[in-house]
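Read through the structure below, which is laid out as structure tokens, and then see the notes.
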Amino acid sequence: MPMRWIILFVLFFARTVMALQFQSVAALSPFIMDSLAITLTDIGVLIGLYLGPGIIVAVVGGAVATWFGDKRTVITSLVLMVLGGLIVAYATTLGWAVAGRIMSGIGGVVINVLMTKLVIDWFAGRNVSTALAIYISSWPIGIALGLLVLPTLATNGGLGLAWNFLTGLAVLALVLFVSVYRPPQIAAQVSVRIKMAAIPWPPLICAALLWGFYNTAFAMIFGFGTLVLVERGFAFAAASSATGLYIIAATIGIPLGGWLADRSSNGTLVVNVSLWAGAVLFPVTLFIPDAYVLVAFIIGGLIIGLAPGPIVAMPSHILPVQARAFGTGVFYSIYYILMMIAPALAGLIADRTGDVKIVFVLGAIMMVFAILSHAGFNRFASSSDTR
């Protein structure tokens, strides 16, 4: 097997562990509440703290990697994930759990940024959309595994068993990365000095806005989809299952979209089809008969799931090699800002209007913003090429 695919597996595994660690608090919330004598509000705080630092840490992590080195920065970040996870596992108070969650979250955010850059380094010009799509699919897979595996372990062997299992996976991810990863020759030879003026800011910002708006629209499904269907009259179990099938369909669509983008040499078409389908399907789902909702969720998840690979590949088309770490950090910082604001804003609007179904309309609007951001990227990227 070519080295780059082995490395992709290692990066995929590490990011899956990150997703598991992120989901662990939600998945184990009843056990954590009993163990630390805390409330649901405290659980919500612990969940948010994992990705909360991403707004700042993503850019800082990318900048640090330009002079400290990608591999050393990722290793340090994986160590933070291990140590932070251990602190949470052995925490006896909410304060210690908060400290551990912040520490592991900083490590997770940095590996999310830098490992994206590492995939681009190894696959730039050669199946980059496919590789990034496979890498990105590690997130929903890790979330699903967290919901399936961790509660079972805690139920059968106690909370400690679940934490030990998760810590063991984090240590394994660290060992695999240290043992296997090496930079490709082109990345190892470039200068680490960055000239801010050389970074193509307009297309980079448009690509980041595209990724952010796309994900905020997607969040309307897995964040509020069950509630929307319950309000339509579905039983809670059926509504939850439909939302779960949407996520599964999207997980299948992600690598398929990357493969189609690479094989067709036209990632723009794949992204356009996915975004326009989302803009149409979100409001349509509110009005179609109940008998067709599940089918619409599955088809919608599959088609909307086509976009992530070619979207995340966009920075690789415009960033000089020496600016990839910093540029990817900027890309993810804008994404984290939008992901922090949009779901809360959608919930607020739903509360004020008294109608949770409005979040699907907001999802369609976010898809329209994503379409406009995509058009802006194509325009600015084309202008940069011309110059």
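The values are calculated or read from the model by the stated rules, or taken from the named source; none is laboratory data. Note that the coordinates shown come from a computational prediction; the quantities given were computed from them, not determined experimentally. With ideal geometry, Cβ positions are generated from the backbone for all residues, glycine too; neighbour counts draw on all protein chains shown.
Find the residue count for the stretch 321-344, including only residues that are at pLDDT 90 or above and surrounded by fewer than 17 Cβ atoms within 10 Å (Cβ to Cβ).
Total meeting the criteria: 1.
Please verify whether the stretch 300-321 includes one or more residues that are over 22 Å from the mean Cα position of the chain (by Cα) and over 23 Å from residue 120 (Cα atoms).
Kept after step one, since they are over 22 Å from the mean Cα position of the chain (by Cα), are these residues of the stretch 300-321: 320-321.
Next cut, over 23 Å from residue 120 (Cα atoms) only: none.
Among the residues of the stretch 300-321, not one is over 22 Å from the mean Cα position of the chain (by Cα) and over 23 Å from residue 120 (Cα atoms), which makes the answer no.
What number goes with the only condition from (1) within 22 Å of residue 381 (Cβ to Cβ); (2) over 22 Å from the mean Cα position of the chain (by Cα); (3) touching a residue at least 24 places away in the same chain (Cβ under 8 Å) that residue 263 does not pass?
Every listed condition holds for residue 263 apart from (3).
Is there any pair with a first residue in the stretch 362-387 that is assigned to a helix (DSSP H, G or I) and a second that is aromatic (Phe, Trp, Tyr) and modelled with pLDDT under 95 whose Cβ atoms are under 6 Å apart and which are 6 or more apart or on different chains, and what are they?
Filtered contacts from the stretch 362-387: 363/282; 364/282.
Can you name the condition, by its number, that residue 51 falls short on among (1) under 16 Å from the mean Cα position of the chain (by Cα); (2) among the aliphatic types (A, V, I, L, M); (3) at positive phi?
(3)
In this structure, is residue 302 assigned to a helix (DSSP H, G or I), without any contact (Cβ under 8 Å) to a residue 60 or more places away in the chain and farther than 21 Å from residue 261 by Cα?
Working: assigned to a helix (DSSP H, G or I): yes; without any contact (Cβ under 8 Å) to a residue 60 or more places away in the chain: yes; farther than 21 Å from residue 261 by Cα: no.
Against the criterion (assigned to a helix (DSSP H, G or I), without any contact (Cβ under 8 Å) to a residue 60 or more places away in the chain and farther than 21 Å from residue 261 by Cα), residue 302 does not qualify.
Taking residue 348 and the conditions (1) surrounded by fewer than 18 Cβ atoms within 10 Å (Cβ to Cβ); (2) touching a residue at least 12 places away in the same chain (Cβ under 8 Å), which numbered condition does it fall short on, given that it satisfies the others?
In the conditions (1) surrounded by fewer than 18 Cβ atoms within 10 Å (Cβ to Cβ); (2) touching a residue at least 12 places away in the same chain (Cβ under 8 Å), residue 348 misses (2) alone.
Just to be sure, is residue 73 over 22 Å from the mean Cα position of the chain (by Cα), part of a helix (DSSP H, G or I) and under 25 Å from residue 117 (Cβ atoms)? It would help to see each step written out before you state the result.
Working: over 22 Å from the mean Cα position of the chain (by Cα): no; part of a helix (DSSP H, G or I): yes; under 25 Å from residue 117 (Cβ atoms): yes.
Spelling it out, it is not the case that residue 73 is over 22 Å from the mean Cα position of the chain (by Cα), part of a helix (DSSP H, G or I) and under 25 Å from residue 117 (Cβ atoms).
Report yes if some residue within the stretch 347-358 is touching a Pro at 6+ places or on another chain (Cβ under 8 Å) and of a type in the set (Gly, Ala, Ser); otherwise report no. First the steps, then the outcome.
Residues of the stretch 347-358 touching a Pro at 6+ places or on another chain (Cβ under 8 Å): none.
No: the stretch 347-358 contains no residue that is touching a Pro at 6+ places or on another chain (Cβ under 8 Å) and of a type in the set (Gly, Ala, Ser).
Sort out which residues of the stretch 228-244 are under 18 Å from residue 285 (Cα atoms) and either charged (D, E, K, R) or surrounded by fewer than 18 Cβ atoms within 10 Å (Cβ to Cβ) (or both), and write them in order of number. Reasoning before the result, please.
Restricting attention to the stretch 228-244, the residues satisfying the condition of being under 18 Å from residue 285 (Cα atoms) are 228-236, 238-244.
Selection gives 230, 231, 232, 233, 235, 236, 238, 240, 241, 244.
Filter the stretch 110-161 down to the residues that are without any contact (Cβ under 8 Å) to a residue 24 or more places away in the chain and polar (S, T, N, Q) and list them by number.
The answer is 152, 155, 156.
Within the stretch 245-258, is even one residue in contact (Cβ under 8 Å) with a residue 24 or more places away in the chain, surrounded by fewer than 24 Cβ atoms within 10 Å (Cβ to Cβ) and either more than 30 Å from residue 375 (Cα to Cα) or in contact with a His (Cβ under 8 Å, 6 or more places away or on another chain) (or both)?
yes
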